[in-house]
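Here the structure comes first, spelled out in structure tokens, and everything after it is commentary.
The values are calculated or read from the model by the stated rules, or taken from the named source; none is laboratory data. These numbers were taken from a predicted model, which means no experiment stands behind them. So basically every Cβ, Gly included, is an ideal-geometry build from the backbone, and we count neighbours across all protein chains shown.
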Ligand SMILES: Nc1ncnc2c1ncn2[C@@H]1O[C@H](COP(=O)(O)OP(=O)(O)OP(=O)(O)O)[C@@H](O)[C@H]1O
Ligand SMILES: [Mg+2]
């Protein structure tokens, strides 16, 4: 479980997150939703110690994010940030392989190598594995970064808008992989999504942020109401059940 | 890959042999072998010079590579962005304050000033907008220029101008036994960089990825800073500033093989050693028996290669399986 208690964050005196207390359940897929600028990325980066925590506390299982050594956390939690700018020129396989670094610290064994190939397989990167990242498309690059986080093989996986640039089939493949991962191996996955129907279909739990405030946090079915969506995004939607699946009609 | 290694090492060996044989005194005359003069020339002058060249080329190329990873920019290198000039400032201060001090003391002071100078550059760079990558080398050039000007100013007022040329325009003609051994330390630092190659490659993936993978970002950055500054200081104290090696060599290797440093750092070192050796040989041959400083030769070739790098887009080899250099070599 990820526990957030009274987490607040400011940048240059501007309040980015105010007093957020919430639990994110273990072994589930949690969707983090909210308008642009709500503070979703900031919250994830605080959980993953990418930014220093100023107020409140965050723990992952029984590990406090601030006091636990960084290399220990790296075997517990992986994060894929919203955008990545890299200086090193790497091939796809080399990038994915660095996901194993927290485990082998420079001396990969056969288990590491297997996991790398498995990650490449999972995200359909086989044909691209020996290409440089600056020679593949935006969506292919995105998949490579997701595969890297996957290869890290941590109990907790935080993904900030992983569907960016992915085509329809790849997006579905990714979401299916993630739900399978949570269901079969008990991993906890937190994923920032903008297309609410992915949240409706694949997430068990939904957390809603708006202007740095926690609007709602609970089982997906309870959160996806026209009321909460209207309060959060300011648009009218209708919600339908089709073949046992929830569909949020927000077009038109 | 293995074929590429073989070719690289063959070129290096050939260059090394040539470097031992070529010089003002012609070692091919039989007489000087008989009276032992040839042997003493080899041991006192040619061998030290050759080793100094190899160590300088390898360690400067690696220092450039490490600096590019810690500042997240491919267009910087320590000799032109303040580290080299700071090292010169250090030697100047040492020469002025303690004129009788040993080479070791001079080097210690040069190392300290170079560390401070490089740290200053990092601090400057951190404040630049991230979306303007070309600002970084420009700020580096300006920063290095300012420190270089301060060195010249002080040297002028302390009547130490005659030393400036030896610090600012690196060359190997003055290298003799007993006057280059500090460079072995630069070689050791290069080995240290190799041992932490993975960490430096991860730095090149950005701060977020580094932290995510459990790296102590600050520590590794500081280690890199130390390696870069110390290698630079040792080189400046022993042979003077040699620009472009740290810029050109890592960029060639990166275009060709990428930046998986565990794999590419040794190649960077070998290519650095080979190119500096070839530049020095050219400098020895062109106006024989006079010498053109290696920095001048490398400056010309380096600029050309750099321009070529800027204009020719990176391209990887078409084959999908294991990368090999056989295509370029045969
Ligand atoms: N470096 C920064 N300096 C100043 N303000 C910032 C900085 N980074 C983020 N902010 C502000 O913090 C707020 C939250 O940003 P954050 O990136 O967490 O939003 P988000 O919910 O992830 O949005 P998006 O959906 O657009 O990715 C925004 O109002 C943004 O303007
Ligand atoms: Mg965001």
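Which of (1) within 16 Å of ligand 2 (Cβ to nearest atom); (2) closer than 21 Å to residue B:220 by Cα; (3) assigned to a helix (DSSP H, G or I) is the odd one out, the single condition residue A:84 does not satisfy?
(3)
Test each condition in (1) farther than 25 Å from residue B:209 by Cβ; (2) in contact (Cβ under 8 Å) with a residue 60 or more places away in the chain; (3) away from ligand 1 (no atom under 16 Å from the Cβ); (4) touching a strand residue (DSSP E or B) at 6+ places or on another chain (Cβ under 8 Å) for residue A:182 and report the one that comes out false.
All conditions pass for residue A:182, except number (1).
In the set A:67, A:30, which member is over 24 Å from residue A:179 (Cα atoms) and either touching a residue at least 40 places away in the same chain (Cβ under 8 Å) or not in a helix (DSSP H, G or I) (or both)? Reasoning before the result, please.
Values: A:30 fails: over 24 Å from residue A:179 (Cα atoms).
Being over 24 Å from residue A:179 (Cα atoms) and either touching a residue at least 40 places away in the same chain (Cβ under 8 Å) or not in a helix (DSSP H, G or I) (or both) holds for just one of A:67, A:30, which is A:67.
Can you say whether residue A:229 is within 16 Å of ligand 1 (Cβ to nearest atom), away from every other protein chain (no Cβ under 14 Å), surrounded by 19 or more Cβ atoms within 10 Å (Cβ to Cβ) and part of a helix (DSSP H, G or I), as far as the supplied structure shows?
Criteria met by residue A:229.
Can you tell me which residue among B:70, B:93, B:125 is within 14 Å of another protein chain (Cβ to nearest Cβ) and surrounded by fewer than 23 Cβ atoms within 10 Å (Cβ to Cβ)?
Details: B:70 fails: surrounded by fewer than 23 Cβ atoms within 10 Å (Cβ to Cβ); B:93 fails: within 14 Å of another protein chain (Cβ to nearest Cβ).
On inspection, the qualifying residue turns out to be B:125.
Of the numbered conditions (1) at pLDDT 95 or above; (2) in a loop (DSSP other than H, G, I, E, B); (3) closer than 28 Å to residue A:120 by Cα; (4) within 16 Å of ligand 2 (Cβ to nearest atom), residue A:75 satisfies every one except a single condition; which is it?
Answer for residue A:75: the failing condition is (4).
Just wondering, is there one or more residues in the range B:221-239 that are in a helix (DSSP H, G or I), touching a helix residue (DSSP H, G or I) at 6+ places or on another chain (Cβ under 7 Å) and within 14 Å of chain A (Cβ to nearest Cβ)?
yes
Does residue A:87 satisfy the criteria of being within 14 Å of chain B (Cβ to nearest Cβ) and farther than 25 Å from residue A:210 by Cβ?
Values: within 14 Å of chain B (Cβ to nearest Cβ): yes; farther than 25 Å from residue A:210 by Cβ: yes.
Yes: the conditions hold for residue A:87.
Quick one: in the range A:106-132, which of the residues that are buried (at least 20 other Cβ atoms within 10 Å of the Cβ) and more than 9 Å from chain B (Cβ to nearest Cβ) is nearest to residue A:174 (Cα to Cα)?
A:123
What's the total number of residues in the range A:33-72 that are away from every other protein chain (no Cβ under 14 Å) and within 12 Å of ligand 2 (Cβ to nearest atom)? So that I can check it myself, show each step before the final result.
Of the residues in the range A:33-72, the ones away from every other protein chain (no Cβ under 14 Å) are A:33-40, A:43, A:54-59, A:61-62, A:64, A:67.
Imposing the further condition that a residue be within 12 Å of ligand 2 (Cβ to nearest atom) reduces the set to A:33-40, A:43.
So the count comes out to 9.
Residue check: is residue B:193 under 16 Å from the mean Cα position of the chain (by Cα), within 14 Å of another protein chain (Cβ to nearest Cβ), crowded, with 19+ Cβ neighbours inside 10 Å and at pLDDT 95 or above?
Spelling it out, residue B:193 is indeed under 16 Å from the mean Cα position of the chain (by Cα), within 14 Å of another protein chain (Cβ to nearest Cβ), crowded, with 19+ Cβ neighbours inside 10 Å and at pLDDT 95 or above.
For the range A:153-170, state whether one or more residues are without any contact (Cβ under 8 Å) to a residue 24 or more places away in the chain, surrounded by fewer than 20 Cβ atoms within 10 Å (Cβ to Cβ) and closer than 29 Å to residue A:92 by Cβ.
Within the range A:153-170, the subset without any contact (Cβ under 8 Å) to a residue 24 or more places away in the chain is A:168-169.
Checking the rest, the ones that are also surrounded by fewer than 20 Cβ atoms within 10 Å (Cβ to Cβ) come to A:168-169.
Of the ones still in play, those that are also closer than 29 Å to residue A:92 by Cβ are A:168-169.
Yes, there is a match, as at least one residue in the range A:153-170 is without any contact (Cβ under 8 Å) to a residue 24 or more places away in the chain, surrounded by fewer than 20 Cβ atoms within 10 Å (Cβ to Cβ) and closer than 29 Å to residue A:92 by Cβ.
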